[in-house]
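Undergrad: Got a structure for you, questions after.
The values are calculated or read from the model by the stated rules, or taken from the named source; none is laboratory data. These numbers come from a predicted model, not from an experiment. Heads up, the Cβs are rebuilt from the backbone with ideal geometry, glycines too, and the neighbour counts pull from every protein chain shown. Ligands, DNA and RNA are excluded from the accessible area calculation, which covers all protein heavy atoms including side chains. Shrake-Rupley method; radii C 1.70, N 1.55, O 1.52, S 1.80 Å.
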Amino acid sequence: MIRAVLFDLDDTLVDHTSAADEAVTAWAAEQGLPGTPDEQRTRWTDVSSRHYARYQSRELTFAGQRRERARDFLDRELSDDDADAVFAGYLVHYEARWRPFPDARPELERLVERGHLVAVLTNGERAHQVKKISTVGLDDLGLPVFASSDYPRGKPDPAPFLGTCAALGVDAGDTLMVGNSLRQDAGGALGAGLHAVLLDRNDEHPHHTGRRIQSLDEL
């Protein structure tokens, strides 16, 4: 029997991709940066993925990965202070575009009403993700938040999954992880002994052999 349900945050409960795409387009135009909007979005996604993975393995700090993203995207040397200032310009646009998916609140409320333990397990930095939950209006649900910054490594490492289960007082085998990443959420959860459901909103993994949904309404 499933006692606890863990949700990823970005692109599971909150539409991170749309916010990031719109933010980098507006920011690049504001800065007069070269390239088409599609080129800028593709480049930003690539830069962000590479350096955020370095943060998850603790090769970089959270602030460090932001600085490297700014340097890489602009393709220039920047001091830490200058890199922080550059990234802050992007961040203003990104945070202004945070929105929850329409199916997020109804499903969270349904699970809470049915007596499940419900929590967020995110690969983001705690303070940043708590701010995001508050900004999109989901903080009133009082869900416990567990972040990769609480552990030596991020998902798919077993530590965040097992640490979260321990903190909630549930066994891994009685816990379900719901997230949009095949590797980090579904693969990581199964590797740690949890159950998993892949949230595949854009039908990117039609041949996935595990549990898969395209909306939280299907959970």
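Undergrad: Using a basic spin-label model with each label point 7 Å from the Cα along Cα→Cβ, how many nm lie between R153 and S215?
TA: Roughly 3.7 nm, to one decimal.
Undergrad: Give me the accessible area of S181, 1.4 Å probe, in Å² rounded to the nearest 10.
TA: Solvent-accessible area, nearest 10 Å²: 30 Å².
Undergrad: What Kirkwood hydrodynamic radius do you get for the range 138-217 when you take the inverse of the mean 1/r over all pairs of distinct Cα atoms, in Å?
TA: Numbers: mean 1/r = 0.0757 Å⁻¹.
Across the range 138-217, the inverse of the average 1/r is 13.2 Å.
Undergrad: Follow-up question, since we're still on this one. Rg to Rh ratio, the chain, alpha-carbon atoms and Kirkwood radius? Mind showing how you got there, number by number?
TA: Working: Rg = 17.7 Å, Rh = 18.1 Å.
Taking Rh as the inverse mean 1/r over Cα pairs, Rg/Rh reads 0.98.
Undergrad: For the range 51-170, what does the convex hull of the Cα positions come to per residue, in cubic angstrom? Spell out each step's value before the answer.
TA: Values: hull volume 13.7 nm³, N = 120.
So the per-residue Cα hull volume is 114 Å³.
Undergrad: Okay, next question. Given +1 on the Cβ of Lys and Arg, -1 on the Cβ of Asp and Glu, and no further charges, what dipole in debye does the range 124-219 carry about its Cα centre, rounded to the nearest 20?
TA: On the way: 9 positive and 13 negative charges, 55 e Å.
For the range 124-219, the charge dipole is close to 260 debye.
Undergrad: Here's a follow-up. Can you tell me the orientation of helix 104-113 relative to the chain, as the angle in degrees between its alpha-carbon axis and the longest Cα principal axis, to the nearest 10?
TA: 30
Undergrad: What's the extension gain from R97 to E109 if we count 0.36 nm per residue and subtract their Cα-Cα distance?
TA: Numbers: separation 12, 0.36 × 12 = 4.32 nm, distance 2.35 nm.
Gain on stretching R97 to E109: 2.0 nm.
Undergrad: Related question: Which value, in debye to the nearest 20, describes the size of the charge dipole of the chain about its Cα centre when Lys and Arg Cβ atoms bear +1, Asp and Glu Cβ atoms bear -1, and nothing else is charged? All intermediate terms of the calculation are to be shown ahead of the outcome.
TA: Working: 25 positive and 37 negative charges, 94 e Å.
So the magnitude is around 460 debye.
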